[in-house]
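Trainee: Here it is, the structure in full.
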Amino acid sequence: MFRLYALISENRIARIINKAVLTLLIVKNFPTAFFDYLKINRKPLITLKLYSGLKVKLRSNTVDSHEAVTVLSGQEYPYQLLKSNLLPSATVFDVGAHVGSFSLYCKNIRPDLRLYCFEPALDNFKILRENIAINNFSDIKLFQLAVAGLTGRKYLATGGLKSNAYA
């Protein structure tokens, strides 16, 4: 039992160290991200400024910054996938765009891509729109809609959560 706990703890420590290193490598204003990881930010929103020149606005004290760093560092979607596997001016649909981390990542690597973002949750959509605007990506099309196999209207239950974990 103790050995299992030790392995879990070691894995957790490794993940924390990995996230800290990734953040140091891509985020210019690292202390902002650090305070957010500790969940001690006092402002409702933070803006991470990346060495790539991108800026990303996020809700503080939520999982937003963890997810943004993972996506924008290339850990979630390999660089080569976008750089060499897509035709010039390919069209990409970001379904469940959240706050736009994936779309920002795509445009940063491949400015020629045509992006269409679909995000039904109003809180996420507002931040998505701001992130696209502060990075001057006026050619990304945004839709406050869900994508499904049927037409119609449905209620999106957010459960009062301030993140992307919607039911």
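The values are calculated or read from the model by the stated rules, or taken from the named source; none is laboratory data. From a predicted model like this one, the values you see are computed outputs, not experimental measurements. For neighbour counting, all protein chains shown are included, and Cβ atoms are generated from backbone atoms with ideal geometry for every residue, glycine included. In case anyone asks, the SASA skips ligands and DNA or RNA and just uses the protein heavy atoms, side chains included. Shrake-Rupley method; radii C 1.70, N 1.55, O 1.52, S 1.80 Å.
Trainee: At 7 Å along the Cα-to-beta-carbon direction for both residue 76 and residue 63, put a label point, then send me their distance in nm to one decimal.
Mentor: Going from the residue 76 label point to the residue 63 one covers 1.0 nm.
Trainee: With a ≥ b ≥ c taken as the square roots of the eigenvalues of the C-alpha gyration tensor of the stretch 108-161, please select rounded if a/c is under 1.5 and otherwise prolate if a/b is larger than b/c or oblate if it is not?
Mentor: Oblate.
Trainee: Moving on. What per residue convex hull volume, in Å³, comes out for the stretch 14-66 when only alpha-carbon positions are used?
Mentor: Spelled out: Cα convex hull of the stretch 14-66, divided by residues, is 63 Å³.
Trainee: Reachable lysines from residue 49, Cα under 27 Å, same-chain residues fewer than 8 places away excluded?
Mentor: Counting by Cα, and skipping residues close in sequence, residue 49 has these lysines nearby: 19, 28, 39, 57, 83, 107, 126, 141, 162.
Trainee: Could you work out how far helix 122-134 tilts from the main Cα principal axis of the chain, as a 0 to 90 degree angle to the nearest 10?
Mentor: Once rounded, one gets 80 degrees.
Trainee: Computed over the Cα atoms of the chain, what is the ratio Rg over Rh, Rh following Kirkwood?
Mentor: On the Cα set of the chain, Rg over Rh gives 1.00.
Trainee: Same structure, new question: Would you mind telling me the antiparallel percentage of the DSSP bridges in the stretch 12-167, rounded to 5?
Mentor: 45
Trainee: If amide H atoms are built 1.01 Å from N in the plane of the peptide, which residues on other chains or at least 5 residues away come under 5 Å of the amide H of residue 27?
Mentor: 51
Trainee: If you project the alpha carbons of the stretch 71-148 onto the principal axes, what extent comes out on each, in Å, largest first?
Mentor: Here the Cα extents, ordered largest to smallest, are 34, 26, 24 Å.
Trainee: Roughly how many Å² of residue 129 are accessible to a 1.4 Å probe, to the nearest 10?
Mentor: 120
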